[in-house]
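A.B. asks: Here's a structure for you.
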Amino acid sequence: MIETRDLWFAYSNNTVLKGVNFRAQKGEVTILLGKNGAGKSTLLMHLNGLLKPLKGEVWVDGAKVRYDKQSLMELRRKVGFVFQNPDDQIIAPTVWQDVAFGPKNLGIEDDRIVEEALKAVGLEGYENRLCNGLSGGEKKRVAIAGVLAMKPEYIIMDEPTAGLDGVGLKSMVELVEKLRREGKTLIISTHDLDFATEIGDKFVMLSDGRIVYEGDSIDYSLAEECGIRLGIFGRRRELVVIPHTSPIPELHPDFVAVMGRNARQKLEDEGLEADILTASLERSILRAISGNTVLLVCSQEMLDVVRREALNFPIKLRIVDGVDGVLKEGDDKVGGEATWSSYSSQQ
Ligand SMILES: Nc1ncnc2c1ncn2[C@@H]1O[C@H](COP(=O)(O)OP(=O)(O)OP(=O)(O)O)[C@@H](O)[C@H]1O
Ligand SMILES: [Mg+2]
């Protein structure tokens, strides 16, 4: 376990961490959320001794972190850190040299370690490429490979999905899951709701240098406040639900989801393809919270379940009348426009 005890830190007279008691359990993926400037990077940099507390302590596996050279070296071998900006991390000219640099520093020269690390991030074939000529996403992966090559028990990643495209995001999820299966402990800061919910075991929200939430799931009433990217610029956050007995409405959803065999059959009959086939209700709600319009086709019997669940979230819910297929605007009964404030006041 890594923990901080009453951790305070300031950059000159700007106090950034104000008594933080952070905890990340071994074998888990802990997600750190918070607005730009909340202090996430500053907190993370304390966890492997890149920053020294102004006041308070950092503990790793039951031992208090000490700041002499030898202790710091041991700490950094155990706790790897992937910087928010890969340019802060990449130091060697070529990809191979960069990934080999860390282990070499520890006195390990083993080509297999470098090969394995490059494979883990999908950069086989990049060995001789110049780091300077790589795209942002590729640089990010080199930086991660460099950390993996040191075989740390704990891996800290500061916004690993920033600047990644859809494919990159998916492989990042796969990489995190693989590392977790291998027994690594991960501590990850992100603004990405999809990513966070996909991989997180524990969620910690930081606001103005203090922990304001800690739990097994994201507190949606706090999420926007904590800088989670939710439908910005007035996007719609709309979930449209129809039973499989209704005609498909004229709509241009960002995602189509199905729940149940009847619904699947219905979509097939209409020659449509679903984007979301499993964990459909949860995923539909998440996509809607993130600002998308989602069409969810479910069986007639599931309508009530869907309605009840969706009502708990800050999204606009529209349910199609099962009899005549008319798309009804939500009224109070079917959720209506649940705003952040109305959601919070329901709590
Ligand atoms: N090296 C520095 N010198 C002075 N102030 C700094 C330095 N690094 C960060 N700060 C300030 O400390 C505060 C917290 O910054 P930090 O980078 O920890 O936030 P963050 O939560 O990681 O934000 P982001 O989401 O933008 O990455 C900010 O007000 C920032 O301007
Ligand atoms: Mg940061």
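A.B. asks: Please tell me if Glu153 is modelled with pLDDT of 95 or more and either away from ligand 2 (no atom under 16 Å from the Cβ) or more than 21 Å from Lys184 (Cβ to Cβ) (or both). Walk me through how you get there before you give the answer.
C.D. replies: Numbers: modelled with pLDDT of 95 or more: yes; either away from ligand 2 (no atom under 16 Å from the Cβ) or more than 21 Å from Lys184 (Cβ to Cβ) (or both): yes.
In short, yes.
A.B. asks: Next question, about the same structure. For the range 92-112, state whether one or more residues are assigned by TED's automatic domain parsing to the domain that holds Met157, within 27 Å of Ser12 (Cα to Cα) and either among the basic types (Lys, Arg) or open to solvent by 60 Å² or more (accessible area, probe 1.4 Å) (or both). Walk me through how you get there before you give the answer.
C.D. replies: Just the residues of the range 92-112 that are assigned by TED's automatic domain parsing to the domain that holds Met157, to begin with: 92-112.
Still in the list and also within 27 Å of Ser12 (Cα to Cα): none.
Scanning the range 92-112, I find no residue that is assigned by TED's automatic domain parsing to the domain that holds Met157, within 27 Å of Ser12 (Cα to Cα) and either among the basic types (Lys, Arg) or open to solvent by 60 Å² or more (accessible area, probe 1.4 Å) (or both), so the answer is no.
A.B. asks: Only residues that are within 16 Å of ligand 1 (Cβ to nearest atom) and either in contact with a Leu (Cβ under 6 Å, 6 or more places away or on another chain) or not in a strand (DSSP E or B) (or both): list them for the range 57-94, please. Explain how you work it out, then say what you get.
C.D. replies: Applying the first criterion (within 16 Å of ligand 1 (Cβ to nearest atom)) to the range 57-94 yields 58, 81-89.
Selection gives Phe83, Gln84, Asn85, Pro86, Asp87, Asp88, Gln89.
A.B. asks: Something else: From the list Glu268, Glu250, exactly one residue is outside the structural domain of Phe203 (by TED's automatic domain parsing) and modelled with pLDDT under 90. Which is it?
C.D. replies: Details: Glu268 fails: modelled with pLDDT under 90.
On inspection, the qualifying residue turns out to be Glu250.
A.B. asks: Restricting the search to the range 24-53, which residues are more than 9 Å from ligand 1 (Cβ to nearest atom) and touching a residue at least 60 places away in the same chain (Cβ under 8 Å)?
C.D. replies: Ala24, Gln25, Lys26, Gly27, Glu28, Val29, Thr30, Ile31, Leu33, Leu47, Asn48
A.B. asks: Can I ask one more? On the given criteria, is Ala274 of a type outside the set (Asp, Glu), more than 16 Å from Met302 (Cα to Cα) and touching a Leu at 6+ places or on another chain (Cβ under 6 Å)?
C.D. replies: Judged against the criteria, Ala274 is a match.
A.B. asks: Here's another thing I want to ask about it. Here are the criteria: (1) open to solvent by 10 Å² or more (accessible area, probe 1.4 Å); (2) at pLDDT 85 or above; (3) on the phi < 0 side of the Ramachandran plot. Tell me which single one Val297 does not satisfy.
C.D. replies: (1)
A.B. asks: Would you confirm, using the coordinates I've provided, whether Lys35 is within 13 Å of ligand 2 (Cβ to nearest atom) and surrounded by fewer than 22 Cβ atoms within 10 Å (Cβ to Cβ)? Outline the logic, then answer.
C.D. replies: On the way: within 13 Å of ligand 2 (Cβ to nearest atom): yes; surrounded by fewer than 22 Cβ atoms within 10 Å (Cβ to Cβ): yes.
Yes, satisfied.
A.B. asks: Look through the range 45-56, keep the residues that are buried (at least 16 other Cβ atoms within 10 Å of the Cβ) and not in a loop (DSSP other than H, G, I, E, B), and return whichever of them is farthest from ligand 2 (Cβ to nearest atom).
C.D. replies: Step one: of the range 45-56, the residues buried (at least 16 other Cβ atoms within 10 Å of the Cβ) are 45-51, 53, 56.
Within this subset, residues satisfying the condition of being not in a loop (DSSP other than H, G, I, E, B) are 45-46, 56.
On the way: Met45: 9, His46: 13, Gly56: 20 Å.
Per the criteria, the residue is Gly56.
The values are calculated or read from the model by the stated rules, or taken from the named source; none is laboratory data. What you are looking at is a predicted structure, and each value in this text was computed from that prediction instead of being measured. Methodologically, a virtual Cβ is constructed for each residue, glycine included, from the backbone with ideal geometry; neighbour enumeration extends over all protein chains shown. Remember, those area values only see protein heavy atoms, side chains included, never the ligands or the DNA or RNA. Shrake-Rupley method; radii C 1.70, N 1.55, O 1.52, S 1.80 Å.
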